[in-house]
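Below: the structure, in structure tokens.
The values are calculated or read from the model by the stated rules, or taken from the named source; none is laboratory data. Just so it is clear, the model here is predicted, and its values are computed rather than measured. Using ideal geometry, Cβ is built from the backbone for each residue, glycine included, and neighbour counts are taken over all protein chains shown. Each accessible area value is taken on the protein alone, full model and side chains, heavy atoms only, with ligands, DNA and RNA left out. Shrake-Rupley method; radii C 1.70, N 1.55, O 1.52, S 1.80 Å.
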Amino acid sequence: MTVESTAARTPRRSTSSGGKRASAKKAAPKKSTEPQLVQLLTPEGKRVKNPEYDAYVADITADDLRSLYRDMVLTRRFDAEATSLQRQGELGLWASLLGQEAAQIGSGRATRQDDYVFPTYREHGVAWCRGVDPANLLGMFRGVNHGGWDPNTNNFHLYTIVIGSQTLHATGYAMGVAKDGADSAVIAYFGDGASSQGDVAEAFTFSAVYNAPVVFFCQNNQWAISEPTEKQTRVPLYQRAQGFGFPGVRVDGNDVIAVLAVTKWALERARTGEGPALIEAFTYRMGAHTTSDDPTKYRNDDEREAWEAKDPILRLRTYLEAEGHADEGFFAELEAESEALGKRVREVVRAMPDPDLMAIFENAYADGHALVDEERAQFAAYQASFAEEGGK
């Protein structure tokens, strides 16, 4: 497949003798309906060469490929269990990643331990790669905590519900990394819908001006809730980077090997002082935006079925089988592990205790605050009044 990037191109001008316009216009070549992107594994499971990015996965082994496959399968199983739990009334809401496993696992596995990750609220696969317990992700969606993990333990920030704001947080953090002289990088995730937010444009500006070591990773699943991407932009999203002065690349977001390679490229250049980059992972949201959404009201079955044929997990399985890298024993063992994960997630969620009602006042200020103390006392008295009424 071809690579499309934001490298400058010299426009060609049609000329004729004497400088006059040609009398007959040539028919314009038909444009391909398929986007040009970096691809190393076709939807049919065939490995293809890419002179620019092959080097970043040249050392990938059969064990590595099986590990990537395992990551995607277990992430999908966890996601399916969470969706079911929400439907059963165990979670207030859930944002599914179905169909985006390759984009998340490929990019997540490209990061180093000392890199810092800023997610939105759908990066369950990236959280898996960073070692965050899947059960901890569900506490927020059940309403029993404000995140469930210490961001500094895994260098994985808490989920961000405010659309696009984490790109600014990531940029500021990356500027700090540069001032500290560290050789680590920062990666910020957002979706095609968030790309329309002013926060993202500001983050692009600051990161470019200060040459911040940050990678902007846009998962273009083509639908910002019910709004298609073509209603938000006149150009492919990765081309926006050119206007801010840093490179942008579009990668097949359903190709875990290509995503791994491109993200490694972007993170390495960030670590070595070459500044920011934008990756647009062209993928598809197979399910609803969240469990409160009904995608059948704005998407047709033909579109969904076309993307089902590009399933990232099936694609890698086909390759593994064709190359003799995995046998039925491996897949059977993984299926058993998947079942065990689903069972554990269900048990952990249903056993989560109700939150401490007074916990909302914790960590509001690092050193405490008189007004917060007053509000805490008022709320405690309010809660106590219910117990008094019940005792009468």
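For region 211-330, give me every one of the helices (runs of 4 or more DSSP H) that falls completely inside it and has 1 or more residues that are touching a helix residue (DSSP H, G or I) at 6+ places or on another chain (Cβ under 6 Å) and either at pLDDT 95 or above or at positive phi (or both).
Correct list: 240-244, 256-271, 312-323.
Quick one: is L357 surrounded by 13 or more Cβ atoms within 10 Å (Cβ to Cβ) and not polar (S, T, N, Q)?
no
Filter region 262-286 for residues that are open to solvent by 10 Å² or more (accessible area, probe 1.4 Å), within 22 Å of I60 (Cβ to Cβ) and not hydroxyl-bearing (S, T, Y); which is nearest to the chain's Cα centre (by Cα)? Don't jump to the end; show me each part of the working.
Here is the first cut: in region 262-286, the ones open to solvent by 10 Å² or more (accessible area, probe 1.4 Å) are 264-265, 268-269, 271-274, 282, 286.
Cutting the leftovers down to within 22 Å of I60 (Cβ to Cβ) gives us 264-265, 268-269, 271-272, 282.
Next, only the ones that are not hydroxyl-bearing (S, T, Y) stay: 264-265, 268-269, 271, 282.
Values: K264: 15, W265: 17, E268: 19, R269: 20, R271: 20, F282: 11 Å.
Only one residue tops the list, namely F282.
Is it true that A185 is of a type in the set (A, V, I, L, M, F, W, C) and under 19 Å from the mean Cα position of the chain (by Cα)?
Considered against the rule, which asks whether it is of a type in the set (A, V, I, L, M, F, W, C) and under 19 Å from the mean Cα position of the chain (by Cα), A185 comes out as yes.
A quick yes/no check of all residues on (1) open to solvent by 30 Å² or more (accessible area, probe 1.4 Å); (2) under 30 Å from D294 (Cβ atoms); (3) without any contact (Cβ under 8 Å) to a residue 40 or more places away in the chain; (4) part of a loop (DSSP other than H, G, I, E, B):
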site	(1), (2), (3), (4)
T83	yes, yes, no, no
A95	no, yes, no, yes
R112	yes, no, no, yes
V117	no, no, no, no
Y121	yes, yes, no, yes
V126	no, yes, no, no
A135	no, yes, no, no
M140	yes, yes, yes, no
N145	yes, yes, no, yes
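Between residues in region 52-78 that are outside any helix (DSSP H, G or I) and residues that are open to solvent by 30 Å² or more (accessible area, probe 1.4 Å), which pairs lie under 7 Å by C-beta distance while being six or more apart or on different chains?
E52/V3; Y53/W265
Give region 208-226 a look and list any residue that's touching a Gly at 6+ places or on another chain (Cβ under 9 Å) and either crowded, with 24+ Cβ neighbours inside 10 Å or among the β-branched types (V, I, T) (or both), or say none. Spell out how you get there, then give the answer.
Looking only at region 208-226, we keep the residues that are touching a Gly at 6+ places or on another chain (Cβ under 9 Å), and these are 208-214, 216, 218-221, 223-225.
Those that are touching a Gly at 6+ places or on another chain (Cβ under 9 Å) and either crowded, with 24+ Cβ neighbours inside 10 Å or among the β-branched types (V, I, T) (or both): V209, A212, P213, V214, F216, C218, Q219, N220, N221, I225.
Residues checked against (1) within 25 Å of A127 (Cβ to Cβ); (2) open to solvent by 50 Å² or more (accessible area, probe 1.4 Å):
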| site | (1), (2) |
| --- | --- |
| T160 | yes, no |
| Y173 | yes, yes |
| G176 | yes, no |
| I187 | yes, no |
| A203 | yes, no |
| P228 | no, no |
| Q232 | no, no |
| F244 | no, yes |
| V256 | yes, no |
